[in-house]
Amino acid sequence: MELLTAVLLLTLLGLVCADPSGVIRGKIIIPSTMNHSSTVLTLHTAHGDLIRTFVGRDGSFVLSDVPSGVHLLQPFHLLLIFPEIRVEINRKGTLVRASLSHNRHLVLHSPLVIRPAGEAQYYEKRKPFDVWSFVKSPYGIMIVISVFAIVVFPRMKMDPEDYKELQEQMRGASNGQAEGGQVAGQRQQAARLRDR
């Protein structure tokens, strides 16, 4: 019996002396036009566990049963971006240090006050119409070359002698086509007469 009570006392003593779990308290501050309905805090523990909690209406939160070690606290809101916070809990279960994960020199005091880093933008804003970018596009270049060919080429001056020579060649070519067409027509009529 004495042995059993000694074992029970040692077991209870071991439970009491075991690493107590820590508590992280704080407040998330967001603009007054938004509410905390979609704000969630996730603590990634050093052991690979996830501890989640929701935020109250006033932005306050409490993470309980946090084991000792170095952990990563990630606030999430649909419309805002928050920085990740590196949290160190000692063996007694108290918050030793809290700092931003990207800037460990910036230490946060307990209770934590977390502010958003900016607004989340899920869509890329459409660029306004720009005339110069349209002109530089392939369609714009085709339009510019076409307008240049239609407007500028006819107005280009030719040497008068070259112009007369070109006109004579054009007349000769059109006369040759007409004569060639007449000869072909006469041959077809002669072939029809023979066939009769």
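At-a-glance table
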item	result
Translational diffusion coefficient (Stokes-Einstein; Kirkwood radius from C-alpha pairs) of the range 20-119 at 10 °C, 1.306 mPa s, in µm²/s	117
Förster-model FRET efficiency, 35 Å R0, Val70 and Asn35, C-beta, rounded to 0.05	0.65
Estimated vicinal HN-Hα couplings, Hz - the range 55-64 in sequence order (Karplus 6.51, -1.76, 1.60; Gly, Pro = x)	9, x, 4, 8, x, 7, 9, 9, 10, 10
Highest to lowest packing among 28-39, 68-79, 146-157, scored as the average C-beta count within 10 Å	68-79, 28-39, 146-157
Inter-label distance for Asp159 and Val107, nm, one decimal - labels placed 7 Å from Cα along Cα-to-Cβ	9.0
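Since every read-out is calculated from the coordinates, none of them should be taken as a lab result. Since the structure is predicted, the reported quantities are computational estimates derived from the model, not experimental observations. All Cβ positions, glycine included, derive from the backbone under ideal geometry; neighbour counts span all protein chains shown.
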